[in-house]
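As structure tokens, the structure follows; a few thoughts come after it.
The values are calculated or read from the model by the stated rules, or taken from the named source; none is laboratory data. Since we're looking at a predicted model, the values are computed, not measured. Here the Cβ positions follow ideal geometry from the backbone for every residue, glycine too, while neighbour counts run over all protein chains shown.
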Amino acid sequence: MNVGVIGLGSIGGAIAANLLADGHALTVLDRDDARVEPLVSAGARSAADAAAVAAAAELTLLSLPTPEIVDGVGTEWSRGAAPGSVLLDLSTNAPSSVRALGERLANAGLTLVEAPLTGGEPGARARKLVFFVGGDAATVKRVRPILDSLGRATFHVGPLGAGNTAKLVNSLVAFTTTWVSLEGLSIAAKAGLDLPLMIDAIRTAGASNFYVDKVVDGLDQRGRPVQFAIELAAKDARLVTALASELGLPAPVADTIANGLTAAAEGGLGARDWSDLVEWIEHQAEVVLRLRA
């Protein structure tokens, strides 16, 4: 296919490289030339703007940081897109924004599919992403071979807006279990308990979660290359609270997590990788969390 990718960050860049490796004719766009150049050297074409990407591609993927940027780029893309073109948004977005953009594109004879993802840069490179897809069945069927080639699972959960709703629910569970696990470990450490023994006890007792089962063993590693920035996690958490408010639902835990992540981002960790959230928990609790001396 003639495919475009707009947004060549850690995830978008890895996806673009895989699409190019699969033999697609690829047109790319990013405001950072250093992200564009390796792909061009490998055979991709660069575009001057989103409209130029649309003119060259029947399918364009977006991987962008905020709903506002998605909306602006989507509008610009529509100016160059031929009737029947598809915009596939992989960004984590507000469901209401997705529906509004989809309606505007439909009025212009274009189609939007949302496919926010989880798996980060490692998942993008290894083709192990999980996609939460929203859109009409016929268009989702059309783009699914692309998604299936990039990930390990694709869930079509409903019409536009449903994909990001599902992604935000997944994010809330991930954020909450991470935060409460670190908070619990800080209590244990402050009380003088042995953390490896405490983790083994939690796993054995049955109160475990994905963080305790799969992530906590890397607790001592700090300053990793950024795969998912804390400021983006804070943005996603605020999207969760906004969605709950729109639905008229009380969400006290989501509110607390959003406030905590926002404070961590504004407290100097915003550009750091999600794994460094432990440093914010340590700062708040005035305790050191280490599994090894």
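Among the residues of the stretch 113-123, is there at least one that is at pLDDT 95 or above, surrounded by fewer than 24 Cβ atoms within 10 Å (Cβ to Cβ), part of a strand (DSSP E or B) and not basic (Lys, Arg)? Yes: one or more hits.
Looking at Ala201, Ala234, just one residue is in contact with a Ser or Thr (Cβ under 6 Å, 6 or more places away or on another chain), part of a helix (DSSP H, G or I) and among the small types (Gly, Ala, Ser), and that residue is Ala234. Within the stretch 141-165, the set of residues being surrounded by fewer than 20 Cβ atoms within 10 Å (Cβ to Cβ) and among the hydrophobic types (A, V, I, L, M, F, W, C) comprises Ala153, Phe155, Val157. Quick check: anything in the stretch 66-76 at positive phi and in the same structural domain as Val140 (by TED's automatic domain parsing)? Within the stretch 66-76, none of the residues are at positive phi and in the same structural domain as Val140 (by TED's automatic domain parsing).
Figure legend. Inter-residue proximity from the stretch 252-264: first residues without any contact (Cβ under 8 Å) to a residue 60 or more places away in the chain and under 11 Å from Ile230 (Cβ atoms), second residues of a type outside the set (Ser, Thr, Tyr) and buried (at least 16 other Cβ atoms within 10 Å of the Cβ), beta-carbon distance below 6 Å, spacing 6+ or different chains. Indicated pairs: Thr262/Ala234; Ala264/Ile230; Ala264/Trp280.
The residues of the stretch 25-44 that are surrounded by fewer than 16 Cβ atoms within 10 Å (Cβ to Cβ) and over 24 Å from the mean Cα position of the chain (by Cα), listed by number, are Val40, Ser41, Ala42, Gly43. Once the stretch 254-293 is narrowed to residues that are within 20 Å of the chain's Cα centre (by Cα) and outside any helix (DSSP H, G or I), the residue that is surrounded by the fewest Cβ atoms within 10 Å (Cβ to Cβ) is Ala271. Tell me, yes or no, whether the stretch 175-182 has at least one residue that is at positive phi and in contact (Cβ under 8 Å) with a residue 12 or more places away in the chain. No: the stretch 175-182 contains no residue that is at positive phi and in contact (Cβ under 8 Å) with a residue 12 or more places away in the chain. Just one of the listed residues (Gln221, Gln227) is in contact with a Gly (Cβ under 6 Å, 6 or more places away or on another chain) and polar (S, T, N, Q), and it is Gln227. Total residues in the stretch 124-140 satisfying the condition of being of a type in the set (Gly, Ala, Ser) and surrounded by 20 or more Cβ atoms within 10 Å (Cβ to Cβ): the figure is 3. In the stretch 218-227, is there at least one residue being under 19 Å from Thr92 (Cβ atoms), modelled with pLDDT of 95 or more, crowded, with 19+ Cβ neighbours inside 10 Å and not charged (D, E, K, R)? The answer is no; no qualifying residue exists.
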